[in-house]
Structure formats: structure tokens, C-alpha cells
Amino acid sequence: MKKKSAKIMKYGIISLILLVGLGLLFPTWTPRIAGANSISMMKQVDIGGTGHEIMIRGADRRNPIVIFVHGGPGCSEIPYVRKYQQRLERQFTVVHYDQRGSGKSYHFGEDYSNLSSDLLVDDLLELTDYVAKELGQRKVLLIGHSFGTYIGLKAAAKAPGRYAAYIGIGQVADQAASELDSLDYSIEQAKRAGSLQEAERLELLRDPIRWGEAFTPRDVIRKYGGAARLIDDNMDYYNGFLFGTEYNLLDVIRYVKGVKLSQSVLLKEESKAPMPTVVSRIDIPLYFVMGQYDYMTSTRAAKRYFDDLQAPDKQFVVFERSAHYPQFEENERFALWLKETSKTLAF
């Protein structure tokens with residue numbers, strides 16, 4: 001009996017090792033899109049001297065190019081984003097990439113001691129040139145999301161000639177002001193829910209947040225609908241990691257390590273140099289797209305920044321049913337809005 005149990009355990013351990021090994025080494029790809037002019041590719045490209053993972057998808061490679069800059073910092077959207085962009089892929093050639101040190105662009109043993117937003121801006125500009133040349137187009141539409149707006153807006157201000165317009169979704173602004181808005185919202189919601197002790201604990205964060213030493217807890221914002229209201233963004237990641245074709249187990253490990261690396265460096269930089277002190281003017285059309293219930297990057301703080309920001313043409317757009325992810329929470333409406341907006345732009 002003991003020998004039989006030992007044998008079962010042995011085979012169980014071997015099976016587990018094989019499954020883990022398969023998960024680590026499983027090939028990754030992005031599914032094909034039918035059509036003579038379609039494009040569906042995912043590969044590593046050398047940008048700024050290091051490998052960057054890029055994913056390009058579209059029904060017709062002649063359509064206008066959209067580059068999405070993910071947020072986090074370090075939170076690639078490649079693992080799950082296909083779920084929300086089928087309509088976009090019919091109208092645009094959609095580009096996602098993992099930033100330096102993030103997701104599949106995180107390389108074990110690489111030196112990231114020089115990681116900064118300026119370096120990520122230079123990477124983005126080089127990536128823009130690569131994509132435009134690859135697809136034979138002159139300009140692209142640049143979209144940043146969350147912390148990606150810190151990178152994207154700096155890039156658009158530095159090299160406006162590369163872009164038809166800049167769109168900031170969940171646009172970062174004055175970090176301390178945004179976090180205080182989030183804190184006030186969370187305290188109010190906690191009181192409405194009868195969680196008075198939680199409200200009292202949150203109130204203790206007011207001065208540290210004001211001094212740039214703390215953030216409103218993301219789990220609390222999420223609990224009260226200030227992150228997402230119409231989707232479950234955390235579950236999207238889990239499903240993408242487990243069942244998607246773009247990431248394997250090794251990539252998930254890279255993702256986790258990249259988030260830790262990126263956030264430890266870049267959030268401090270943003271705190272010391274809030275967006276309004278970095279970019280005050282942009283020389284291309286400017287759009288801020290915000291969810292009405294966004295308290296990850298508060299809509300009110302973004303509006304204050306928008307009002308002061310100079311641009312030749314600018315619009316502040318609010319999606320009334322969304323929080324931090326209007327491009328996903330109301331993806332059909334967003335795709336329609338982007339299609340109509342792009343008609344007015346010079347590519």
C-alpha cells in the first residue's frame with residue numbers, strides 16, 4: 001500500500017513539473033484576422049537597445065494607426081485587450097506594446113537602473129517611427145491610458161509632428177489633487193455603506209496624501225466603483241493569463257516583476273513632477289476621455305488640468321456610465337466616438 005501511494009505521489013509530482021514546464025514554455029501568438037490586407041502580428045522589436053513586445057491587429061493595414069500606451073505603471077493590456085477591441089480592429093490598425101521593463105518586455109538580468117519616464121518617452125517615439133514605417137503611413141493617433149497618459153502626453157508634446165492627435169483616457173493630472181478627490185469619494189461611500197471605521201481609517205491618510213507620501217487604497221476605490229463599473233478588470237487579467245494566447249506562465253512572472261519594478265520608480269517620479277508642471281502646451285488636437293466615476297485618476301482633477309492646457313483644438317469627453325476604463329466599459333460607444341473623431345484629423 002505504501003509503495004502504491006509513493007508511486008502515485010511520484011507520478012503526481014512529475015505531472016505537476018511537466019505542466020509547469022509546459023506553462024512556462026508554451027508558445028504565444030495573437031489570433032489571425034481574416035482578409036487580404038489584414039494584419040495580426042505579435043513579436044519582439046529592438047527599441048532603444050532592448051526588446052519590446054508589440055502586438056498589431058487590424059482588418060486592413062491601410063486603416064489609420066492607433067498606438068495605445070498602457071498604464072500601471074507596468075500593467076500591459078496585451079493579455080486581455082482583444083476582448084474589447086473587435087470593432088476598433090475593423091476601423092483602425094491597433095498597436096499595443098509592453099513598455100520597457102513591463103510584461104513581455106521585462107528581461108531577466110537586464111539593468112533597469114536608468115528607468116525613467118523620459119526613457120519611456122524616447123522608446124515610444126522610436127516605436128512610433130517603427131510602426132509608421134512598417135505600415136507605410138506618415139502619422140499615427142496616440143492614445144494613453146492611466147499612467148500611460150504621463151508617457152503619451154510628454155511624447156506628443158516633444159514630437160507633435162509624428163501624431164495626428166493625442167487622446168488621454170483616464171488622464172493623470174495633479175497627483176495629490178486627484179488622490180484627495182479619490183479619498184473624499186471613498187470616505188463618502190464608506191459612510192453611506194455604514195462602514196464608519198473604514199471611513200475613519202481613510203481619513204488618517206489625508207495629510208500623507210496631501211504631502212505626496214501615500215495613495216488612496218486601490219482596493220477601496222475598486223470596492224466602491226471608482227475603478228470599473230461595467231467590467232471586472234481584475235478578472236480580465238486572470239482570464240487572459242490563464243486562457244489567452246498572448247501570454248504564458250513565464251510572461252505572467254515577467255508581468256509581476258515588471259509591475260513591481262515600474263511602480264517603485266515611476267510613481268515617485270510622477271509625485272515629484274505632476275503632469276501640469278511637465279506639459280502646459282501641446283501643438284496638436286487634444287482630447288481627454290474620462291469616465292464620470294473615475295477615481296483612480298479623478299475626472300475633476302483632469303478637467304482642471306484640461307482647462308489650463310493649451311492646444312490648437314481640444315475637447316473634454318465624459319462617458320457617463322464608466323469609471324477608469326471607458327474604452328472597455330463602453331467599448332462600442334468608444335469605437336464609434338473614435339471613428340467620428342478621426343475623420344476630422346490630418347493623418
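The values are calculated or read from the model by the stated rules, or taken from the named source; none is laboratory data. These figures come from a predicted structure and were not determined experimentally. Virtual Cβ from ideal backbone geometry, glycine too; neighbours counted across all protein chains shown.
A few points about this structure:
- Some residue of segment 311-328 being more than 30 Å from residue 137 (Cα to Cα), in contact with an Asp or Glu (Cβ under 9 Å, 6 or more places away or on another chain) and assigned to a helix (DSSP H, G or I): no
- Of all residues in segment 283-301 being assigned to a loop (DSSP other than H, G, I, E, B) and either more than 19 Å from the chain's Cα centre (by Cα) or among the β-branched types (Val, Ile, Thr) (or both), the one that is farthest from residue 170 (Cα to Cα): 283
Results for (1) modelled with pLDDT under 95; (2) touching a Gly at 6+ places or on another chain (Cβ under 8 Å), shown as yes or no for each residue.
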position	(1), (2)
206	no, no
220	no, no
223	no, no
227	no, no
233	yes, no
239	no, no
243	yes, no
247	no, yes
251	no, yes
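- Inside segment 94-114, residues that are crowded, with 21+ Cβ neighbours inside 10 Å, farther than 25 Å from residue 335 by Cβ and of a type outside the set (Phe, Trp, Tyr) make up a count of 5.
- Filtered by the rule that a residue be of a type in the set (Asp, Glu) and within 22 Å of residue 243 (Cα to Cα), segment 42-86 gives 53, 77.
- Cβ-Cβ distances below 6 Å connect the following pairs, each with a first residue in segment 264-281 that is modelled with pLDDT of 95 or more, a second residue that is surrounded by fewer than 17 Cβ atoms within 10 Å (Cβ to Cβ), and a separation of six or more residues or different chains: 281/310.
- Whichever residue in segment 89-112 is of a type in the set (Gly, Ala, Ser) and not in a loop (DSSP other than H, G, I, E, B) and, among such residues, is farthest from residue 71 (Cα to Cα): 105
- Among the conditions (1) out of contact with any Cys (no Cβ under 7 Å at 6 or more places or on another chain); (2) crowded, with 17+ Cβ neighbours inside 10 Å; (3) under 27 Å from residue 103 (Cβ atoms), residue 199 misses just one, which is (3).
- Scanning segment 39-84 for residues that are in a loop (DSSP other than H, G, I, E, B) and surrounded by fewer than 16 Cβ atoms within 10 Å (Cβ to Cβ) returns 48, 49, 62.
- Filter pass, residue 149 being closer than 21 Å to residue 304 by Cβ and touching a helix residue (DSSP H, G or I) at 6+ places or on another chain (Cβ under 6 Å): no
- Taking segment 265-295 as the range and being of a type in the set (Phe, Trp, Tyr) and in contact with a His (Cβ under 9 Å, 6 or more places away or on another chain) as the test, the residues that pass are 293, 295.
- In the set 221, 209, 187, 284, only one residue is free of Cβ contacts under 8 Å to residues at least 60 places away in the same chain, crowded, with 17+ Cβ neighbours inside 10 Å and closer than 28 Å to residue 309 by Cα; that residue is 209.
- If only residues of segment 137-154 that are touching a Phe, Trp or Tyr at 6+ places or on another chain (Cβ under 8 Å) and assigned to a helix (DSSP H, G or I) are counted, the one that is farthest from residue 262 (Cα to Cα) is 153.
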